[in-house]
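Undergrad: Structure in structure tokens, see below.
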Amino acid sequence: MDTFHTPLDLVRSRPVEGPVACARPHRLAVASRWFQDNFSGEVLYAVKANPSPWVIDGLYASGIRWFDAASMPEIEMISARCPGATIAFLHPVKSRAAIRQAYFDHGVRIFALDCEDELAKIQAETGFAKDLILIVRLAVSNAGSALPLAGKFGASAFDAPELIRKCRAAAFELGVSFHVGSQCMDPDAYRAAMMEASRIIARAGVTVDIVDVGGGFPSIYPGLVPPPMQDYVDAIEAAFEEMMVLENADLWCEPGRALVAEAVSVLTRVELRKGDALYLNDGAYGCLFDAAHAKWPFPMRVHRAAEGTLGGDLAPFRLFGPTCDSMDSMPGPWDLPADIREGDVVEIGMLGAYGTAMATRFNGFGDVETAQVRDFPWASLYDAPPQRIPAEESAVVAFPRAKRRKQRLRRR
């Protein structure tokens, strides 16, 4: 991987013929250490957010040893790259072959489910194993999230108690989980979900060993500035102490976006300007899926090789990707320098989550180069404002260790 001081240095060194993901491993390490230092339970990285090898390797090097996988390719990647890692197969619906391969070929013992039919599949394909750790996913409100994910997965409050009882009989350890929605903007959403889970557990009338609060932890985007991350941890841990679970129960979380969003920006070149329309070499079928389909706001800046990073007056623009499909558009409007022109490079920040991971090969496009950079121009949830890490110091990041882990008795 080529390394540059800043993305502008890359732009000045050569043409940006295709999209370039600017990797910032130092930002990955900062986020990873924050969660490990401040969350008292297990931190499972949600691999789907960004499965790039440098991300997996960087998180493993920073101390992450638990991974939330949703498919066999993700399980195979973690098995190959992360010796001794614990892999949880937390997709609530899995093929029989995937269950079998995960259990027998990769040592996976943790499986999520949200219905009795999936429980039957897991039991049958693992030979009715006695060492299963079963996580019952519950349906909860997504009212506090910028991108709700409710409706596809989760046992209802009506069905969940009986499912929990049946899983208790089949499991070596039993847990409950939920997802409050992506980019959760309200820390109390976790508390509400945990209290709902506690009521369901009480109705089930059995013991529970694990509470997995899932993902949904936010990052900072234009117009979407969440409360401090510590507020989320405090809300979760306070609610955990009130839950109807074993005294030695374990607490888990599955951050994806919050670990990787700050670690990548993407460079994309303007191929043509038509008035307020800019045609780019990346788009809805590439790294900008969320900008197009979720109407997600991203910070942007524009680089011109001869003049540097552009300032001056801004104007609203519509963006179009490189494919022939008219759906390959991001109408915005996006405020960019008014004099932007062909050949300029738009840098789109905070794309470490669901950026390169969403790219397809439609219409012959989709190749994304990766280069490393050492700057960090965007807002962060992990730096004490207005602190920013100087570029020349970014390769070695000092970060205080909070040492807040509770000394809970482990069952395993």
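The values are calculated or read from the model by the stated rules, or taken from the named source; none is laboratory data. These numbers come from a predicted model, not from an experiment. Glycine also receives a Cβ, built like all others from the backbone with ideal geometry; neighbour counts cover every protein chain displayed.
Undergrad: Looking at the range 303-332, which of its residues are within 24 Å of ALA359 (Cβ to Cβ), part of a strand (DSSP E or B) and out of contact with any Ser or Thr (no Cβ under 8 Å at 6 or more places or on another chain)?
TA: PHE317, SER329, MET330, PRO331, GLY332
Undergrad: Something else now. Does the range 98-113 hold any residues that are part of a helix (DSSP H, G or I) and of a type in the set (Gly, Ala, Ser), and which are they?
TA: Across the range 98-113, the qualifying residues are ALA98, ALA102.
Undergrad: Which members of the range 63-97 meet the condition of being in a loop (DSSP other than H, G, I, E, B) and closer than 24 Å to VAL211 by Cα?
TA: GLY63, ILE64, ARG65, ALA70, SER71, GLY84, ALA85, LEU90, HIS91, PRO92, VAL93, LYS94
Undergrad: From SER141, SER156, grab the single residue that is assigned by TED's automatic domain parsing to the domain that holds GLU196 and under 23 Å from PHE217 (Cβ atoms).
TA: Details: SER156 fails: under 23 Å from PHE217 (Cβ atoms).
Every option except SER141 fails the conditions.
Undergrad: Step by step: first the residues of the range 251-304, then only those that are more than 22 Å from the chain's Cα centre (by Cα) and hydroxyl-bearing (Ser, Thr, Tyr), then the one that is surrounded by the fewest Cβ atoms within 10 Å (Cβ to Cβ). Which residue is that?
TA: Result: TYR279.
Undergrad: Across the range 124-151, which residue is nearest to SER177 (Cα to Cα) among those that are at pLDDT 95 or above and surrounded by fewer than 17 Cβ atoms within 10 Å (Cβ to Cβ)?
TA: ASP131
Undergrad: Condition (residue is in the same structural domain as TRP296 (by TED's automatic domain parsing), modelled with pLDDT of 95 or more and among the aromatic types (Phe, Trp, Tyr)) applied to the range 364-381: is it met by at least one residue?
TA: Taking every residue of the range 364-381 in turn, none turns out to be in the same structural domain as TRP296 (by TED's automatic domain parsing), modelled with pLDDT of 95 or more and among the aromatic types (Phe, Trp, Tyr).
Undergrad: Would you be able to tell me the number of residues in the range 172-208 that are more than 25 Å from the chain's Cα centre (by Cα) and either assigned to a loop (DSSP other than H, G, I, E, B) or not assigned by TED's automatic domain parsing to the domain that holds ALA143 (or both)? Steps first, answer last, please.
TA: Step one: filter the range 172-208 for residues more than 25 Å from the chain's Cα centre (by Cα), giving 172-173, 198-208.
Among the residues that remain, those that are also either assigned to a loop (DSSP other than H, G, I, E, B) or not assigned by TED's automatic domain parsing to the domain that holds ALA143 (or both) are: 172, 205-208.
Total satisfying the criteria: 5.
Undergrad: Please indicate, with yes or no, whether at least one residue in the range 272-279 is assigned to a strand (DSSP E or B) and within 20 Å of GLY355 (Cβ to Cβ).
TA: Scanning the range 272-279 turns up at least one residue that is assigned to a strand (DSSP E or B) and within 20 Å of GLY355 (Cβ to Cβ).
Undergrad: Please verify whether the range 153-162 includes one or more residues that are loosely packed, with under 15 Cβ neighbours inside 10 Å and under 21 Å from the mean Cα position of the chain (by Cα).
TA: Within the range 153-162, none of the residues are loosely packed, with under 15 Cβ neighbours inside 10 Å and under 21 Å from the mean Cα position of the chain (by Cα).
Undergrad: Do the conditions hold for VAL11, that is, is it assigned by TED's automatic domain parsing to the domain that holds ILE348, of a type in the set (A, V, I, L, M, F, W, C) and in contact with a strand residue (DSSP E or B) (Cβ under 7 Å, 6 or more places away or on another chain)?
TA: So VAL11 fits the description; yes.
Undergrad: May I ask you to verify whether PHE399 is modelled with pLDDT under 95, closer than 20 Å to ASP9 by Cβ and assigned to a loop (DSSP other than H, G, I, E, B)?
TA: No; evaluated as a whole, the condition is false for this residue.
Undergrad: Against the definition (touching a residue at least 40 places away in the same chain (Cβ under 8 Å) and in the same structural domain as ASP234 (by TED's automatic domain parsing)), how does CYS82 come out, yes or no?
TA: So CYS82 fails the test.
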